[in-house]
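Computed from the coordinates by the stated procedures, all read-outs in this text should not be read as laboratory data. Keep in mind it's a predicted model, so treat the numbers as computed, not measured. So basically every Cβ, Gly included, is an ideal-geometry build from the backbone, and we count neighbours across all protein chains shown.
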Amino acid sequence: MTSIEVHELTKDYGPVRAVDRLTFSVRPGRVTGFLGPNGAGKSTTMRLALGLARPSAGSVTIGGRPYSALDNPLRRVGALLDVQAAHGGRTPRSHLRVLAASNGIADSRVEKALADAGLTEVAGRRIKTFSLGMRQRLGIAAALLGEPEVVMLDEPSNGLDPEGIVWIRELMRRMAREGRTVLVSSHLMSETSSFADHLIVLGKGRLLADRTMRQFLGSHARPGVRLRTSEASRLWDALTRKGHTPVEGDSGDWTIEGAHVEEIGAIAAAEGIPLTELVQMQATLEEAYLDLTASETQFAASAALPGEPVCRKAV
């Protein structure tokens, strides 16, 4: 089983501790979202995993071995950290051929990787003419060139158009279904919620959460119910008798914090009150993430523009 194992990982840059005794595992068969504010240590952790920096203490292993000990590493681990890494004077085809030749990968994989990334028609163009999204596709093609068991992607959706975002989302899901280990760093909460099965969250170099998506959302959300009815006064009376406090919204719906649909539905049914909508409310990933990392953000705007009020969203 090819997992990424992080054990007591620490990285100091002079007096600054970028990564602080991290311990977690990234397992095969699922997409693990790697989240945290700017400066949380995500990119540093990935660089340490790929041998691009040396830890001050602790270790990272891939399939039980450090990255530096892997034979033909591109066939074991595919990574996208810097979309500007490819030389601008090369073409996508020549760039991938160099990578293939240096890692013992068949040249036929180059054309397959170009096709999978949607780059066949531009494979002869100079990379310096590429947009950010096209460079991103090339970086992903390079990461998958050796059909690796482990894939690490840093902000893979950055610069992609809507079709590209759907493509990378489905690609990550497919790789997980194939049993690969997939670690994806992203700042896009709505996008992460669409593909991640598990979450690793960092803050100021420390581990804040290591949970499934369901567990993470459930631990940072108070239950609540939203409903609609044609007999609002009767329902209000019935609910208040049971100790609930319904709050009417601007569009005619009602919300009840701390409640579950089973309980509210049973009350309405016992009173013979019709409900036209009954929904269990859940926190979004963005709300749960902000709730967890509120005190861990290193770089945050603290004031409104001149003449504008400061607005904060309750989570």
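Structure values in brief
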{"read-out": "Net charge dipole size for region 4-218 [Lys, Arg +1 and Asp, Glu -1 on Cβ; Debye, nearest 20]", "value": "240"}
{"read-out": "Helical contribution to [θ] at 222 nm, DSSP H n ≥ 4, -39,500 (n - 2.57), averaged over the chain, rounded to 500", "value": "-9500 deg cm²/dmol"}
{"read-out": "Extended-chain gain in nm, criterion 0.36 nm per residue less alpha-carbon gap, residue 121 and residue 260", "value": "44.7 nm"}
{"read-out": "Whichever aspartates and glutamates have a C-alpha closer than 16 Å to that of residue 204, once near sequence neighbours (fewer than 8 apart) are set aside", "value": "8, 12, 20, 291, 296"}
{"read-out": "Distance between modelled label sites at residue 13 and residue 241, nm, 7 Å Cα→Cβ extension", "value": "6.5"}
{"read-out": "Fluctuation leader among 182, 77, 98 - the chain, Gaussian network, Cα springs under 10 angstrom", "value": "98"}
{"read-out": "Cα→Cβ-extended label distance, 7 Å offset, between residue 38 and residue 222, nm", "value": "3.2"}
{"read-out": "Estimated FRET transfer efficiency when R0 is 35 angstrom, pair residue 70-residue 206 (beta carbons, to 0.05)", "value": "0.80"}
{"read-out": "Interchain or long-range residues, amide H under 5 Å from residue 212's placed H", "value": "199"}
